[in-house]
Amino acid sequence: MTDFFKGIEKIRYEGPESTNPLAFRHYNPDEMVMGKRMEDHLRFAVAYWHSFAWEGGDPFGGRTFERPWFDGEMDAARHKADVAFELFTLLGSPYFCFHDADVRPEGESYQDSTKRLNAIADIFEEKIAQTGVKLLWGTANLFSNRRFMGGAATNPDPDVFAYAAATIKANMDVTRRLGGENYVLWGGREGYETLLNTRMDQELDQLGRMLSMVVDYKHKTGFKGAILVEPKPQEPTKHQYDYDVATVYGFLKKYGLEDEVKVNIEVGHAILAGHTFEHEVALASAHGILGSIDMNRNDYQSGWDTDQFPNNVPEVALAYYHILKAGGFSTGGTNFDAKLRRQSIDPQDLLHGHIGGMDTCARGLKAAAAIIEDGSYDAFLEDRYAGWKTPEAQAMLRGERTLEDITARVEADNINPRPRSGRQEYLENLINRFV
Ligand code: XUL
Ligand code: CO
């Protein structure tokens, strides 16, 4: 044990009446929700980057956190790993997620950086065996180092593409070795700042090629996990190629990858794209590409990615409703891609952030389950679309009717549709009974 979290004991469920700030009031891992343990529904993960690598900087000032592993080399990286697994264990988080750059200092060369990554992976392998904490997903950081400033897969320089490909391979190898359940690609700088210096068709083909090679390598190595792309509309580049779920789906279709790749949807990214989170989840589910979620919340006024811990139960409830309706997570889970505010400098703040986030998600999940179990909301939707069950409507939908056929029927039957209320306020009140 390190002394980083000295005096803090394992976080336990104490129930809604508890006033203990270091206890769960709603997240009760063993509680059954729709026939499944809460822990198995939510599949929480702690994100290594925000909790252990981020230093508390903003555009106007640097580091505010004091962490004993900042500035160090491999010894510091090992210390960081010790503390990270202590946090996972204190929280009872079943999973974690990381980028290569979060866990090891950059080396002098590709070979050196990979050697360092593998050395930390050796430590993770032992810790996973000791603690039972598992890897939800691994990923490569292809955006922080200046070599990637003009993009990784979408860089005009093929040597950068090659370096990125090799880096992805090293991270996929480590993810597979550690039993990771998914591999994520967020297009950090896969986009552009100005069209004046950009050939979009060329860059999109490069990105399609990279993703195809990732899928090939997954099959070649027998990696069982899912390959996930994480959409985001802007930041760091002004125009990101993976703008939102709809854009990613179109991209996957173009390169024939729609049955191979799913999405990892982040709350803040949905909001920056001008969508609600539940819109993105529901659309991914409609396309059959819902993989996993990055849970956080975004400031609605800021216009940039604030990565705050979630605290809005009604929003979270609607997202989990769509996840439950899609059959729940398979390889995916709820990764807290969330960071402390820069004044929250104490170790215990890491606990408060995650405890609040986990409780918010637990309440959201329970509310979503209650909506489904009550049945009146689903019955409303069933009724609203009931007309499409008739044989004639089914024939239109199956493509068995032409515009001329339909016109003939409209005239013969004198069809003159009667508008029906969309009942939005009724539905909002109905949902509010559960949240
Ligand atoms: C950036 C972001 C990343 C990805 C992983 O906004 O969300 O942390 O989740 O690269
Ligand atoms: Co994310």
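The values are calculated or read from the model by the stated rules, or taken from the named source; none is laboratory data. These numbers were taken from a predicted model, which means no experiment stands behind them. Quick reminder, even Gly has a Cβ in these numbers, built from the backbone with ideal geometry, and neighbours come from all protein chains shown. These accessible areas exclude ligands, DNA and RNA; they are computed on the full protein's heavy atoms, side chains included. Shrake-Rupley method; radii C 1.70, N 1.55, O 1.52, S 1.80 Å.
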*Residue tally, condition within 15 Å of ligand 1 (Cβ to nearest atom) and either among the β-branched types (V, I, T) or touching a strand residue (DSSP E or B) at 6+ places or on another chain (Cβ under 7 Å) (or both), over region 240-260*: 5
*Just one of F65, F70, F124 is outside any loop (DSSP other than H, G, I, E, B), in the same structural domain as D349 (by TED's automatic domain parsing) and within 24 Å of H354 (Cβ to Cβ); which is it?*
F124
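Does region 231-246 contain at least one residue that is in a helix (DSSP H, G or I) and within 16 Å of ligand 2 (Cβ to nearest atom)?
So in region 231-246, the residues in a helix (DSSP H, G or I) come out as 245-246.
If we keep only those that are within 16 Å of ligand 2 (Cβ to nearest atom) as well, we get 245.
Within region 231-246, one or more residues are in a helix (DSSP H, G or I) and within 16 Å of ligand 2 (Cβ to nearest atom).
Being in contact with a helix residue (DSSP H, G or I) (Cβ under 9 Å, 6 or more places away or on another chain) and open to solvent by 100 Å² or more (accessible area, probe 1.4 Å) narrows it down to one of L427, L397, so name that one.
On the way: L427 fails: open to solvent by 100 Å² or more (accessible area, probe 1.4 Å).
None of the others qualify; the one that does is L397.
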*Which residues, counting only those in region 212-235, are open to solvent by 10 Å² or more (accessible area, probe 1.4 Å) and more than 14 Å from ligand 1 (Cβ to nearest atom)?*
S212, M213, D216, Y217, K218, H219, K220, T221, G222, F223, K224, A226
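I'm checking my understanding of the structure. Among residues of region 261-274 that are away from ligand 1 (no atom under 13 Å from the Cβ) and buried (at least 19 other Cβ atoms within 10 Å of the Cβ), which one is farthest from M213 (Cα to Cα)? Step through it out loud before you land on a result.
In the first step, residues of region 261-274 are kept if they are away from ligand 1 (no atom under 13 Å from the Cβ); the result is 261-262, 274.
Still in the list and also buried (at least 19 other Cβ atoms within 10 Å of the Cβ): 261-262.
Working: V261: 12, K262: 15 Å.
By that ranking, first place goes to K262.
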*Please find, among K220, K134, the residue that is of a type in the set (K, R) and in contact (Cβ under 8 Å) with a residue 12 or more places away in the chain.*
K134
*When the residues of region 49-87 are filtered to those that are of a type in the set (G, A, S) and within 14 Å of F5 (Cα to Cα), which remaining residue is farthest from ligand 2 (Cβ to nearest atom)?*
A81
*Just checking, which of D259, D307, D294, D337 is of a type in the set (D, E, K, R) and away from ligand 2 (no atom under 16 Å from the Cβ)?*
D259
*asked:* For the list (1) surrounded by fewer than 24 Cβ atoms within 10 Å (Cβ to Cβ); (2) in contact with a helix residue (DSSP H, G or I) (Cβ under 9 Å, 6 or more places away or on another chain); (3) within 20 Å of D259 (Cα to Cα), I need the number of the one condition that L290 fails.
replied: (1)
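Residues are listed down the side, and each one gets a yes or a no for (1) away from ligand 1 (no atom under 16 Å from the Cβ); (2) in contact with a Ser or Thr (Cβ under 9 Å, 6 or more places away or on another chain); (3) open to solvent by 30 Å² or more (accessible area, probe 1.4 Å):
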| site | (1), (2), (3) |
| --- | --- |
| A119 | yes, no, yes |
| F124 | yes, no, no |
| L135 | no, yes, no |
| G138 | no, yes, no |
| N145 | no, no, yes |
| N155 | yes, no, no |
*Please list, ordered by first then second residue, the pairs with beta carbon atoms under 8 Å, 6 or more apart or interchain, first in region 1-21 and within 15 Å of Q348 (Cα to Cα), second assigned to a loop (DSSP other than H, G, I, E, B) and open to solvent by 30 Å² or more (accessible area, probe 1.4 Å).*
F4/P68; I8/L22; E9/L22; I11/L22; N20/E14
*Failed item in (1) outside any helix (DSSP H, G or I); (2) within 25 Å of L207 (Cβ to Cβ), with H279 passing the rest*: (1)
*Assess whether E106 counts as being among the acidic types (D, E), closer than 21 Å to T331 by Cβ and open to solvent by 10 Å² or more (accessible area, probe 1.4 Å).*
no
*Just to be sure, is M74 out of contact with any Gly (no Cβ under 8 Å at 6 or more places or on another chain) and more than 23 Å from E126 (Cα to Cα)?*
no
_Looking at the structure I just gave you, is V184 in contact (Cβ under 8 Å) with a residue 40 or more places away in the chain, within 15 Å of ligand 1 (Cβ to nearest atom), assigned to a helix (DSSP H, G or I) and buried (at least 22 other Cβ atoms within 10 Å of the Cβ)?_
no
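From L318, L283, L324, grab the single residue that is of a type outside the set (K, R) and open to solvent by less than 30 Å² (accessible area, probe 1.4 Å). Working first, answer last.
Working: L318 fails: open to solvent by less than 30 Å² (accessible area, probe 1.4 Å); L283 fails: open to solvent by less than 30 Å² (accessible area, probe 1.4 Å).
Within the list L318, L283, L324, the selection yields L324.
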